[in-house]
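Have a look at the structure below before the remarks.
The values are calculated or read from the model by the stated rules, or taken from the named source; none is laboratory data. Keep in mind that this is a model prediction, so the values were computed, not measured. Heads up, the Cβs are rebuilt from the backbone with ideal geometry, glycines too, and the neighbour counts pull from every protein chain shown.
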Amino acid sequence: MARLINMHRTSLATWKGLISVRSMVTCPRVVLGIETSCDDTGAAVVDEHGNILGEALLSQKDVHLKTGGIIPSVAQQLHRDNIDRVVNEAIVSSGISASKLSAIATTVKPGLALSLGVGLIYSLNLVKQYNKPFIPIHHMEAHALTVRLLHPVEFPFLVLLISGGHCLLAVANGVSDFLLLGQSIDEAPGDSLDKVARRLSLIKHPDCSSMSGGQAIEHLSQFGDKTFCREIQPKSRHRDCNFSFAGLRSHYNYIIQKMEAVEGLEQGAILSCAADIAASFQHAVAYHIIKRTQRAILFCKQENLLPVNASLVVSGGVASNGYIRHMLQNLTDGMDMSLLCPPPHLCTDNGIMIAWNGIERLRAGAGILNDTFEFRYEPRAPLGTDISEQVRSAAIKVPSLKIKNTLSKQGG
């Protein structure tokens with residue numbers, strides 16, 4: 001009898017082990033990601049194998065195009081009106097009930113305060129309702145790590161994040177370990193592209209009426225001459241990796257005003273040379289990005305911060321710009337690096353990147369909260385450890401870089 005009992009216990013233990021192993025295989029960890037940092041309401045459910053189980057995204061672009069820019073209070077109300085529907089759509093399409101989620105990840109920094117607040121409040125209510133761990137997400141960290149959802153990219157790698165609200169260069173050493181090499185000291189490239197598009201009144205152009213400013217600039221640039229305006233690059237007393245686009249944008253505003261006078265047009269009319277100005281400005285923005293990235297690569301090589309044949313990961317909304325990608329490809333080809341960019345729909349803000357960042361943090365055991373009492377969002381938040389002064393002190397001179405022609409008229 002004792003022998004039979006022992007055999008039964010052994011068999012039971014074996015079955016429990018098999019059930020445990022099978023659960024690990026068939027029940028991977030699953031995270032709900034919620035994104036409301038600016039003007040897109042996004043949600044997605046992603047598992048630890050990188051499977052996108054469910055996704056929903058509502059863009060506010062059409063509303064903000066009519067007002068000529070993002071109005072924070074309007075963005076906030078649109079998030080409030082739509083977040084419940086977007087999150088539920090993502091969960092339902094995933095086939096995973098909210099009670100089965102491993103954690104809830106949400107963008108809490110940086111971004112528009114009113115927009116961040118909507119996502120955080122909604123998420124914390126879900127966390128409380130379903131008793132789930134909460135993973136606060138840094139928006140720029142999520143952009144930087146999205147590529148690892150698609151490619152087995154090992155740390156460390158160089159990151160260039162370019163969007164409507166941000167521009168920075170950093171070395172990614174780990175999931176939550178970044179060295180900040182440089183960032184914009186005034187406005188982001190996407191913001192500058194949008195402002196020049198508005199000054200050119202491209203929303204009135206028949207080809208561009210439904211496009212964002214950056215999209216309109218890229219579209220018209222295909223038919224323009226990038227050499228139309230004498231290139232004025234941002235002046236800096238320092239050889240660093242910081243970006244500055246405000247002065248460049250102001251210079252092109254002056255050019256637009258001058259050409260309106262030449263053509264006898266009132267502000268708001270479409271210039272005959274609009275495509276040429278668009279192509280020239282896009283090239284100037286791209287060139288500034290390329291030169292700073294080139295210096296970052298040289299600095300990393302000098303300081304042995306990256307392995308041989310390292311990767312340059314580019315993300316953020318402006319990374320969807322084909323001309324800028326082309327120039328970055330030229331740069332990496334010439335410097336023995338690989339260029340990796342997520343597809344355009346993953347470069348812009350979305351819930352997938354937030355959910356994936358949550359998976360990355362679950363794996364690393366970093367920043368997972370079970371107590372969210374008095375948790376707050378942060379509209380301004382640096383990424384990683386700032387070593388930009390060290391970059392500046394290195395004073396690396398950037399050699400000339402040959403830029404191959406694109407397939408468009410932009411070659412001039």
Flag if Val318 is surrounded by fewer than 24 Cβ atoms within 10 Å (Cβ to Cβ) and either of a type in the set (Phe, Trp, Tyr) or not assigned by TED's automatic domain parsing to the domain that holds Gly119 (or both): no
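Here is a yes/no grid of residues against (1) surrounded by fewer than 22 Cβ atoms within 10 Å (Cβ to Cβ); (2) among the hydroxyl-bearing types (Ser, Thr, Tyr); (3) over 29 Å from Ser102 (Cβ atoms); (4) without any contact (Cβ under 8 Å) to a residue 40 or more places away in the chain:
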position	(1), (2), (3), (4)
Phe281	no, no, yes, no
His288	yes, no, yes, no
Leu305	yes, no, yes, no
Val308	yes, no, yes, yes
Val314	no, no, yes, no
Asp371	yes, no, no, yes
Residue within the stretch 330-344 that is part of a loop (DSSP other than H, G, I, E, B) and aliphatic (A, V, I, L, M) present: yes
The stretch 361-392, residues that are farther than 23 Å from Gly111 by Cβ, out of contact with any strand residue (DSSP E or B) (no Cβ under 8 Å at 6 or more places or on another chain) and not basic (Lys, Arg): Gly365, Asp371, Glu389, Gln390
Candidate set from the stretch 279-315 (those that are in a helix (DSSP H, G or I) and among the β-branched types (Val, Ile, Thr)); member that is farthest from Ala144 (Cα to Cα): Val285
Filter result for Leu328 (within 17 Å of the chain's Cα centre (by Cα) and closer than 21 Å to Phe178 by Cα): no
Cross-chain or 6+ apart pairs with Cβ under 6 Å, the stretch 244-267 first and under 14 Å from Asp194 (Cβ atoms), then hydroxyl-bearing (Ser, Thr, Tyr) and not in a strand (DSSP E or B): Phe245/Ser192; Arg249/Ser192
Hey, Ser59 at pLDDT below 95, among the hydroxyl-bearing types (Ser, Thr, Tyr) and within 23 Å of His345 (Cβ to Cβ) or not: yes
